1. If each residue's Cβ is checked for other Cβ atoms within 10 Å, how do HIS172, HIS330 rank with the fewest at the top?
2. So for segment 170-285, what are the equivalent ellipsoid semi-axes in whole Å, largest first, each being the square root of 5 times an eigenvalue of the Cα gyration tensor?
3. By per-residue mean of other Cβ atoms within 10 Å, what is the highest-first order of 37-44, 317-324?
4. What does the convex hull of the alpha-carbon atoms of segment 4-164 project to on average, in nm²?
5. Rank the residues TYR278, TYR252, TYR151 as a footprinting-exposure proxy: fewest other Cβ atoms within 10 Å of their Cβ go first.
6. Evaluated at 10 °C with a viscosity of 1.306 mPa s, what Stokes-Einstein diffusion coefficient in µm²/s does segment 119-188 have when Rh comes from the Kirkwood expression over alpha-carbon pairs?
7. Can you give the log10 of the normalised intensity I(q)/I(0) at q = 0.07, 0.08, 0.10, 0.15 Å⁻¹, computed with Debye over equal Cα scatterers of the chain?
8. Kindly put ILE253, ILE126 in sequence by how many other C-beta atoms sit within 10 Å of each C-beta, fewest to most.
Amino acid sequence: MINKRLLIKNLLAHHDENSFYDKKRQLNLHTKEGKAKFLKHICALSNSNPSNNSYIVVGVEDETNEIVGDDFFDDSRIQNLVNAFLENPPKIQYENVPFPNLPKDKVVGLVTIKPKSKNSYFKKGIHTIEANTYFVRKGSNTSPTTDKIPYSKQNIETVISIENSSRNSIEHTLESVLDFINNRHKDLPSKYKVFKELFVVCWAGNKKKVRDKVYYSRVDIELVNEQVKLFYSALDEVSIDYDESSFAITEYISLGLNDKTSYYPFEKVTLTFFDNGYYKMNSEMLFEPPQYNRKMLHHIYNSNLVIIGKLQKGLPLNDSEKRDLENLPHIMMICYLNGFEEAKQKLIDAKLYLKSFEDPLVYVSFKEVMRILRKMKYDKKNE
């Protein structure tokens, strides 16, 4: 079992970027340009490493190798983005890896690209990349190519050596459990559960009981053997269920208008553990968007557009508008899910103004909404 924190350290210690791994300060999958850059690197790393895993590390300064972290990226459907644009897409996995010196809401992202013998290429264009374009790695550079791509085995020994030196140990596991409970979450109730005498899941959060059902807020859940953060949210609530071989997280999101909010089940993620030292993770989308009176919603939508307009023009907001601003991203999402097609783009266009607003919860709310919409967009079997 590989300790992902050790793996990241070992990758970063291996000279600079090369043909089997890349590093990024952050991912931006809100824009076509950001998606195109991400897909280009996936395509190139896959084509240059047909016999071994390749990696992208997210949350690292390019020049200094300093680990600065990035936001928790909860997107189990990132594979569907790859499938939508690449022919012969490789299997990929995005994992959030906590590091001791980072804030609670920051992690290092680790993208693992599984080996695939067939070459990947763009089956349709995106941003400036045209359909039928192939990419390869040349040293630390990603380049398009029209040449036949040779079947390369040059990185097999190096990658296997790095992975073997990143294997987990009982000492690492025990230290991680103690650190989770006694240091990082000493202000919250914490628990752990051992599965199949191999896997240890730790979780922490504020607990409340509603009609015999237990919910958690300010939740942090980790599979500590692999140093992987499974779930983190400062806003949403979750329920947790487990037996001797599985651990399930059901996420709920709070939505409503005019201070009348309800909790809606959003997604259920189930980890199933096996005796042979492997586990699998399945995600099930549960969300049914609430529907509202269109006339009332139109009035609320226009009020929010006025607030966005004021931000973009640099005009001051009154006290009522400042209070409304924290809920604005969720209101715009409700409008979008109720047929106001432009609402999503209007919200994205306001990103920089929301990010620079004096109340940091406004931008936290924006990021949460974009995460929800992104997961809904790629919740399609054939994309």
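1. Working: HIS172 17, HIS330 22.
In increasing order of surrounding Cβ atoms, one gets HIS172, HIS330.
2. Values: eigenvalues 142, 60, 25 Å².
That gives 27, 17, 11 Å for the three semi-axes.
3. Numbers: 37-44: 22.9, 317-324: 12.8.
Descending packing order for the listed peptides: 37-44, 317-324.
4. Details: hull surface 35.6 nm².
Mean orientational projected area (segment 4-164, Cα hull): 8.9 nm².
5. Values: TYR278 12, TYR252 19, TYR151 9.
Neighbour counts put them in this order, fewest first: TYR151, TYR278, TYR252.
6. Numbers: Rh = 16.7 Å.
In µm²/s, the coefficient rounds to 95.
7. -0.35, -0.46, -0.72, -1.47
8. On the way: ILE253 21, ILE126 18.
Going from sparsest to densest Cβ surroundings: ILE126, ILE253.
Coordinate-derived values only; no laboratory data. These numbers were taken from a predicted model, which means no experiment stands behind them. Every residue, glycine as well, gets a Cβ built from its backbone with ideal geometry; the counts of neighbours run over all protein chains shown.
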